[in-house]
Amino acid sequence: MTTLKEVGEFGLIERIKRLCEAPWASRPRADLPLGIGDDAAIWRPTFGEDAVLTCDVQVMGRHFFPQMLERADLSACLGRRCAAVNLSDIAAMGAQPRLALVSLGLTEKIAVETVEALYRGLVEAFTETGVQIVGGNLTSTEGPLFVDITLIGQAKAAQLVRRSGAQLGDSIGLIGACGASAAGLAILQAFSPQDWQALELATCHPLVRSYLQPAVFLAAGRVLSLYAHAMIDVSDGLLADLDHLLKASGVGARLVETQIPCSDTLKRWSIEQKRGLLETLFAPSDDYSLLFCAASDQKQAIAEALHQEAGVSVSWIGEITRAQDGYLLERTDTSLQAVSPQGWKHF
């Protein structure tokens, strides 16, 4: 095992460059006159399309477990998860991701093989989604390791979807799960060192997999860009992120408890943990599902398009109401309960 101190900054950069230029990685493109290797990259956007930019930082001990850097397969999984966090933001705008800048904060004692495994996961995830890494930065840190990614996408301006377009009477749709990642995180937090050693990604608990390997709904986002009035990805929790959308749009909402999706696995886990099902579904949870609003008379067309073009289904979980009507949950007995937009808070 070789430490970063032994190979140095430029030795690591050369290894990263080789990974990015591997035969299986994204190939050079006509819209990229200059990629890795200079002071900056050069991108030539498609005429008539808007650039879409996002960034996200993942800090060890805050956003991911230190144990994920102790095995090559888990380090690669971490790389893929870091990519998914950013790809989900692009999906929520209905755009296509194109370029990535990756910055790493590393300690000099970290094994170079660990960094390479993490970076391989990043490159694999980005290659699968048509993204090319065009640069970034390396820095030493005495604090926790971090991965900081800037992702650039593009789309026709008329097809970009914001949070602020929800309209009165819209139906609220959800692509993916809610609460599963929070449950997976809780399971991992109870892991012993032996549990981490025995963890196999292919056969681990489905809820753990929801946390470690979140789905990215890029194709669904592009389909929804033709229909949705407003959209957001669920990175803080269902209630919190819907609240962001409602405030941006100046509207209210009524959710229907019986229509909120919940897998049998999540139900069983909630019972085992003696937690209420709603507590589980509404927990702060980074599921990276897509939450959107669209005209009610388009529901069937949307469901068919999502199935045919993206291979996913949609759950219709409520409707948009007037702002003065508030944020409500229709319970199983049809009574209405005011909703508190609980969710993840960084500070």
Qualifying position, being farther than 30 Å from Arg163 by Cβ and over 26 Å from the mean Cα position of the chain (by Cα), among Pro66, Pro33: Pro33
Unique match (being over 23 Å from Val216 (Cβ atoms) and not β-branched (Val, Ile, Thr)) among Ala301, Ala294: Ala301
Hey, can you tell me all the residues within segment 297-312 that are loosely packed, with under 13 Cβ neighbours inside 10 Å and either at pLDDT below 95 or small (Gly, Ala, Ser) (or both)? Gly311
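Residue-by-condition table, conditions (1) of a type outside the set (A, V, I, L, M, F, W, C); (2) at positive phi; (3) in contact (Cβ under 8 Å) with a residue 24 or more places away in the chain:
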{"site": "Phe191", "(1), (2), (3)": "no, no, yes"}
{"site": "Gln197", "(1), (2), (3)": "yes, no, no"}
{"site": "Thr203", "(1), (2), (3)": "yes, no, no"}
{"site": "Arg209", "(1), (2), (3)": "yes, no, yes"}
{"site": "Gly221", "(1), (2), (3)": "yes, no, yes"}
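The values are calculated or read from the model by the stated rules, or taken from the named source; none is laboratory data. Computed from a predicted model, the values in this text were never measured in an experiment. In this analysis, Cβ positions are derived from the backbone assuming ideal geometry, glycine residues included, and neighbour counts consider all displayed protein chains.
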